[in-house]
Amino acid sequence: NTEQIALRTAALSLVPPAKKLKIAGPNVVAKPYTDENDFVEKFRKEIHSVIAGGLAAKDIVVLSKKKLSNSCLNKLHSVCNLNIVEGDSIADFQPHSLNYFTVQSYKGLESNIVFFIDIDGFGEDKHRLLNYVGMSRAKLLLYIFYNANAQDDYSDTLDQGREMLGNR
């Protein structure tokens, strides 16, 4: 992970980073959304930006705690001319599509760019641990999309995490 990803992951999961980080990268992008339509609009914009910037679909993974049928992406079948395909394991990875996995099925794997979506909480243990796994899969760039109803939880956990990290 880059320093930015590792520190934001540590701050939002309250799990200190394992080692000294030296690789700098872009800031983590955090996007609250108010409803499914707002999410889709913001998601499309960010995917378009990444693809227009010259990155390939094979470098992107969409992760969620939920199966695709229960996700905010459930009605969206493609974006930027890329089909959204759900996989149960890395064997299902399709390099010319936008690959969607649950956090649980992607544990132990990594991708250059991760769009971690459908986040509905931060402070409780059940959220923190899954968020840690989902966020730490990103090597270079991390986008997190969370329900705006969790804004206070996001801010409180981030503040607590930054205090744990010495305000880094």
Can you tell me how many residues within the stretch 122-168 are assigned to a loop (DSSP other than H, G, I, E, B) and either without any contact (Cβ under 8 Å) to a residue 12 or more places away in the chain or within 16 Å of T102 (Cα to Cα) (or both)? 5
For the stretch 108-122, which positions are of a type outside the set (A, V, I, L, M, F, W, C) and closer than 20 Å to E36 by Cβ? D118, D120, G121
Name every residue in the stretch 1-21 that is open to solvent by 50 Å² or more (accessible area, probe 1.4 Å) and either assigned to a strand (DSSP E or B) or of a type in the set (A, V, I, L, M) (or both), in order of residue number. A18
State whether one or more residues within the stretch 90-98 are part of a strand (DSSP E or B) and under 17 Å from the mean Cα position of the chain (by Cα). yes
For the stretch 22-43, how many residues meet the condition of being within 15 Å of L141 (Cβ to Cβ) and open to solvent by 30 Å² or more (accessible area, probe 1.4 Å)? 7
Out of all the residues in the stretch 15-41, which are under 16 Å from L158 (Cβ atoms) and at pLDDT 90 or above? N27, V28, V29, A30, K31, P32
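The values are calculated or read from the model by the stated rules, or taken from the named source; none is laboratory data. Just so it is clear, the structure is predicted and the values come from calculations on it, not from any experiment. Here Cβ is always computed from backbone atoms with ideal geometry, including for glycine, and neighbour counts include all displayed protein chains. We work out accessible area using only protein heavy atoms, side chains counted, and drop any ligands, DNA or RNA first. Shrake-Rupley method; radii C 1.70, N 1.55, O 1.52, S 1.80 Å.
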